[in-house]
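Q: Pasting in a structure now, in structure tokens, and then I'll have a few things to ask.
The values are calculated or read from the model by the stated rules, or taken from the named source; none is laboratory data. Quick caveat, the model's predicted, so the values are computed rather than measured. Ideal geometry is used to build each Cβ from the backbone, glycine not excepted, and the neighbour counts take in all protein chains shown. For the accessible areas, the whole protein counts, side chains as well, though only heavy atoms, and no ligand, DNA or RNA atoms are used. Shrake-Rupley method; radii C 1.70, N 1.55, O 1.52, S 1.80 Å.
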Amino acid sequence: QLRLVESGGGLVQPGGSLRLSCTASRFSSGYTSAYYTIGWFRQAPGKEREGVVCISGSSSNTNYADSVKGRFTISRDNAKNTVYLQMNSLKPEDTAIYYCAADLLGGSRCRTGLPDMNDYESWGEGTQVTVSS
């Protein structure tokens, strides 16, 4: 079973920045990091989990929610089995637990739409991001 571990969350003031990381291990036999589309999701208190952004295995496809477009940037380093989420100009409404998840061979889905929880087979445990003064 693929294992995902998020890191980089914390407390930041409005307008500040954070970079989240999602590191994968325990790949299925025959597969490497490049086979997995990675999505970032977030869940705020009292709200449903929502898809924020995804990146295909080759980085050729990305898809951002309107609420984060222009402020968040996703990237990946397959040699390090790690996906990054650079979050700038953070707002209080960005406060949530952020989860990364993996979708094996899901690059076309990332090209055509935001990450859908139902398409992602493996999940990390999440990292808390709090934006507050």
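Q: With every protein chain left in place and a probe of 1.4 Å, what is the accessible surface of Lys80, to the nearest 10 Å²?
A: 130 Å²
Q: So, with a 1.4 angstrom probe, what is the percent of accessible area on region 1-112 that is carbon and sulfur?
A: On the way: 2490 of 5480 Å².
Carbon with sulfur: 45 percent of the solvent-accessible area.
Q: Provide the gained length on full extension for the span Glu125 to Ser28, in nm with one decimal, where the gain is 0.36 nm per separating residue minus the Cα-Cα distance. Write out the running numbers ahead of the final one.
A: Details: separation 97, 0.36 × 97 = 34.92 nm, distance 1.93 nm.
Extra length from Glu125 to Ser28 when fully extended: 33.0 nm.
Q: List every residue whose amide H lies under 5 Å from the amide H of Asn61, counting only residues 5 or more places away in sequence or on a different chain, with H placed 1.01 Å from N in the peptide plane.
A: Correct list: Ser56.
Q: With only Lys, Arg, Asp and Glu charged, each at its Cβ (+1 for the first two, -1 for the last two), find how big the charge dipole of the chain is about the Cα centre; round to the nearest 20 debye.
A: So the dipole magnitude of the chain works out to roughly 280 debye.
Q: Quickly work out the Ser7-to-Arg111 label distance, labels modelled 7 Å from Cα along the C-beta direction, and quote it in nm with one decimal.
A: 3.4 nm
Q: Give me the percent of DSSP beta bridges within the chain that run antiparallel, rounded to the nearest 5. Write out the running numbers ahead of the final one.
A: Values: 38 of 41 bridges.
Of those bridges, close to 95 percent are antiparallel.
Q: Could you tell me the calculated FRET efficiency between Thr62 and Glu93, based on Cβ-Cβ distance and R0 = 22 angstrom, to the nearest 0.05? Walk me through the intermediate numbers first.
A: Values: r = 22 Å, r/R0 = 0.98.
Once rounded, the FRET efficiency stands at 0.50.
Q: What residue among Ala101, Ala79, Ala65 has the largest mean-square fluctuation in a Gaussian network model of the chain, using Cα springs under 10 Å?
A: Result: Ala79 has the largest fluctuation of those listed.
Q: Could you work out the helix-only [θ] at 222 nm for the chain, with each DSSP H run of four or more residues adding -39,500 (n - 2.57) and the total divided by the number of residues, to the nearest 500 deg cm²/dmol? Before the final figure, lay out the partial values.
A: Working: 1 runs with 6 residues, N = 133.
Calculated at 222 nm, the ellipticity per residue is -1000 deg cm²/dmol.
Q: What accessible area per residue comes out for the chain, rounded to a whole number of Å², with a 1.4 Å probe? Don't skip to the end; give the middle numbers.
A: Values: 6710 Å² over 133 residues.
For the chain, the per-residue accessible area is 50 Å².
Q: OK, next. Given a 10 angstrom Cα cut-off, can you work out which residue in Leu105, Leu114, Leu85 is the most mobile in a GNM of the chain?
A: Comparing Leu105, Leu114, Leu85 in the GNM, the peak value goes to Leu105.
Q: Moving to a separate point now. For the chain, what is the relative contact order in percent, using Cα pairs closer than 8 Å and at least 6 residues apart in sequence? Could the numbers behind the result be given before it?
A: Working: 342 pairs, mean separation 47.5, N = 133.
Once normalised by length, the contact order is 36 percent.
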